[in-house]
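Okay, structure first, notes after.
Please treat every number below as a calculation from the coordinates, not as lab data. As the structure is a prediction and not an experimental result, all values here were calculated from the model. Backbone-built Cβ (ideal geometry, glycine too); neighbour counts: all protein chains shown.
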Amino acid sequence: MQPHSFDVDIVIPSSNQKVKINKDAIVVNQTTIACADVTAVRYGVSLIGKVKKPIKKSYSIEVKSKDGKTVSIKFDSKKVGELLEEDHTYYYIMTGLWHFVKKQLVNFFIEQLNEKQTLEVGAAKFNYEGFTLSYKTWFLGKTKTALVPWTDIKYHQDKGLLHIQDQNDAKKKVALSFHYDWNAVVLNTLMHFLWQEKRKEKLQKGERIEP
């Protein structure tokens, strides 16, 4: 039985972009970024048009390297049904990106937390203890920040956004866009990982989390 290949090699019909992804690099047309140099990703699917009657789907995948170079994969579908040919193209590319790039970014986040470093994704700031969340006080409407422990955090996804908040105080919250905030998708995967096997409780105590 041959091992499954996660390599991507495709020409996207709607955008005519040539995309190759393997263990060494991501290549879009004439631009190449080594997988080892990738520091951030963002991606998503948008419905374009009226909420109840969208006219097309728009797909976007972007990758950024440590020297600021970016590659962008974008294409559209004029249909909005479920599991279109373009959906399969998107997931084909995303599977390669997950295997060769996103997994290593999640592991990097875990190592940084183990080293007691503070990380920032969009407007979200967090470390091994929890999230630093902003909120407005009732008095003069001033904005303050508070460290909310991992065990008091809840999160969910809705319409391309990652919502993170204090489960005891709804005013303490932050929202990140998978499309526009670099590594919001990485943070989302990290949180899925930490919510299993009491990892967030261990992390909060300063114990090491194994990727």
Go ahead and run the numbers for FRET between residue 10 and residue 163, Cβ-Cβ distance against an R0 of 25 Å, rounding to 0.05.
0.15
What's the magnitude of the charge dipole for the stretch 73-161 around its Cα centre, counting Lys and Arg as +1 and Asp and Glu as -1 at the beta-carbon? Answer in Debye, nearest 20.
420
Candidate lysines - alpha carbon under 24 Å from residue 23, same-chain residues fewer than 8 apart omitted
64, 66, 69, 74, 102, 103
Hey, if you put +1 on the Cβ of every Lys and Arg and -1 on every Asp and Glu Cβ in the chain, which of 26, 89, 156 ends up farthest toward the positive end of that dipole?
156
Looks like the stretch 8-104, by Cα gyration tensor root eigenvalues a ≥ b ≥ c and the a/c under 1.5 rounded cutoff (else prolate when a/b is bigger than b/c, oblate otherwise), is prolate
Taking +1 at the Cβ of each Lys and Arg and -1 at the Cβ of each Asp and Glu, which of 146, 113, 128 sits farthest along the dipole of the stretch 113-153 towards its positive end, judged by Cα position relative to the Cα centre?
146
Net lengthening on full extension, residue 142/residue 83 (0.36 nm per residue, minus Cα-Cα):
16.6 nm
Compute a Gaussian network model of the chain, connecting alpha carbons closer than 10 Å, and tell me which residue from 49, 96, 68 fluctuates the most.
49
What residue among 99, 156, 179 shows peak mean-square fluctuation when the chain is described by a Gaussian network model with Cα springs under 10 Å?
156
Can you tell me the orientation of helix 184-194 relative to the chain, as the angle in degrees between its alpha-carbon axis and the longest Cα principal axis, to the nearest 10?
60
How do the peptides 190-197, 81-88 rank, highest first, by the average count of neighbouring beta carbon atoms within 10 Å per residue?
190-197, 81-88
To the nearest 20 debye, the stretch 116-204 has a Cα-centred charge dipole, built from +1 on Lys and Arg Cβ and -1 on Asp and Glu Cβ, of 220
Which of (i) 139; (ii) 120; (iii) 168 is the computed volume of the Cα convex hull per residue in Å³ for the structure on display?
(iii)
Dipole magnitude of the stretch 1-72, debye to nearest 20 (Cβ charges: Lys/Arg +1, Asp/Glu -1, about Cα centre)
600
Springs between alpha-carbon pairs under 10 angstrom, Gaussian network model over the chain: which of 15, 65, 177 fluctuates most?
15
Dividing the mean separation of Cα pairs under 8 Å (6+ apart) by the residue count of the stretch 8-104 yields a relative contact order in percent of 25
For the chain, calculated [θ]222 nm from helices alone, where every DSSP H run of n ≥ 4 adds -39500 (n - 2.57):
-6000 deg cm²/dmol
What angle, in degrees between 0 and 90 and rounded to the nearest 10, separates the Cα long axis of helix 103-114 from the longest principal axis of the Cα atoms of the chain?
20
